[in-house]
Structures are given as C-alpha cells and as structure tokens.
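The values are calculated or read from the model by the stated rules, or taken from the named source; none is laboratory data. Note that the structure is predicted; figures quoted are calculated from it, not measured. All Cβ positions, even for glycine, are placed from backbone atoms using ideal geometry, and neighbour counts span all protein chains on display. Accessible surface areas use protein heavy atoms only, side chains included; no ligands, DNA or RNA. Shrake-Rupley method; radii C 1.70, N 1.55, O 1.52, S 1.80 Å.
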Amino acid sequence: MSRALSLVLMSGLVTACAPAPDPTAPVHVAVFSVSVSASPTSNGGNFGTPLAAANEVMPPGVVNDSRARGNAIFHLNAAGDTLSYKVIVANIDNAFMSHIHRAAAGVNGPIVVWLYPSTAPVPGPFGQGRIDGVIAEGTITAANLVGPLAGASLSALLDDLRSGNAYVNVHTNDGVAPTNTGPGDFPGGEIRGQVQDRGH
C-alpha cells in the first residue's frame, strides 16, 4: 500500500472517530445583530420575557389551559431613546393584540405600549387562526407611549422595565360570542410574561 493511500485512510478514520455534535446542546441565535465596528458600549441594554398561559391573571371562573408560548425581546440603543422589539409566538390561534402593560406580576395593569399588530393603537381582526413565529417587530420611542405614560419620556417606560413593573401579553379572540371559551379566545390575554432586565 502506498504511503499516500495510507495517509488518506488514516485521516478518514480520525474523522470518522471524532465525536458527533451534542444534539441537546443549546443553540445560540443572535436576535439583534451589532455591527462589528460598534463599540461594546453601543448597546443601551436588553430586556425580555418568555410568555406563557400560567402567567395570565384570568377573570374568576375562567380556566386558561392554553399551550401557546412566546417571547418578547427588547434592545435599547446607546442613546437610550429607541427600543427595538420582537414578539415571537408559537401554538396560538386568533391573536389580535399584544402590548406592554404597566403592573407587577400577578396584577393586571393598563396598556402603555402597543406591540401587535404595530405600535399604532389599533387591534387586528378577530378569528385569524393559527399564527407562529415573529408576529411583530419595530421600534418604540416616547411618541408611542399611551395610557398613564402618554406624554412621558422613554425613560419612564425603561424605569418600569428595569424594576419588573411591566409585562407583555398576547390577546386572542375568535370573534364568536361568548368570550373566554378556551385557547384562541381570551381577549383579556392568553399568554403573558413579566419583563426582565437582561443587561448589556
């Protein structure tokens, strides 16, 4: 056997014996990319929360057994005047609104920012069926604040996000009376999460 052929066979054996990647290892995907030339201080901060039915505060007698899930992700620019966001959902039907609300965990509070269908304070249509993936993304500035934060600076919202006094939820409605009949029909909110400060 020639020496060259032996080297090819040996390299094939080494490659074949190399350990396979762990299929259970976490996968990291950048949600907001930062320019390679940007300095480490260009990031004003990150906030986010997982969304689940167990976090919703339901009316008396209403059971929310939804299996829907989601995430809300926020990225503050270095100047501190623009908050980029994404709302991501899975296994949910008839979503027609999503907001940031101002309140502590376990309490329902007023809307301070609209997220879905957009930052304009207008709900989407009822009965849209299944929706998955990124359902809303955009930017929030002081001009988008509503309710008790209307006319305030963006720093007022940031104070609530940093202190845990804000939550995101996704509202659903099948468009058929009565409401609160099950997953896909919780107009007061089907999935929710308290926003957390995730640092820089």
Quick one: what Rg and Dmax do you get for region 103-200 from the alpha carbons, in Å?
14.5, 45
Square roots of five times the Cα gyration tensor eigenvalues for region 39-139, Å
26, 16, 13
Surface share of carbon and sulfur [accessible, 1.4 angstrom probe, percent] for region 52-200:
53 percent
What does the charge count near ILE131 come to, summing +1 for each Lys or Arg and -1 for each Asp or Glu among other residues with Cβ under 12 Å from its Cβ?
-2
Quick one: net charge around ASN94, please, counting Lys, Arg +1 and Asp, Glu -1 for every other residue with C-beta under 14 Å from its C-beta.
-4
Would you calculate the separation in nanometres between label points at ALA103 and HIS200, each defined as 7 Å from the Cα along the Cα-to-beta-carbon direction?
3.5 nm
Can you check what the net charge comes to around GLY189, using other residues whose Cβ is under 15 Å from the Cβ of GLY189 (Lys, Arg +1; Asp, Glu -1)?
-3
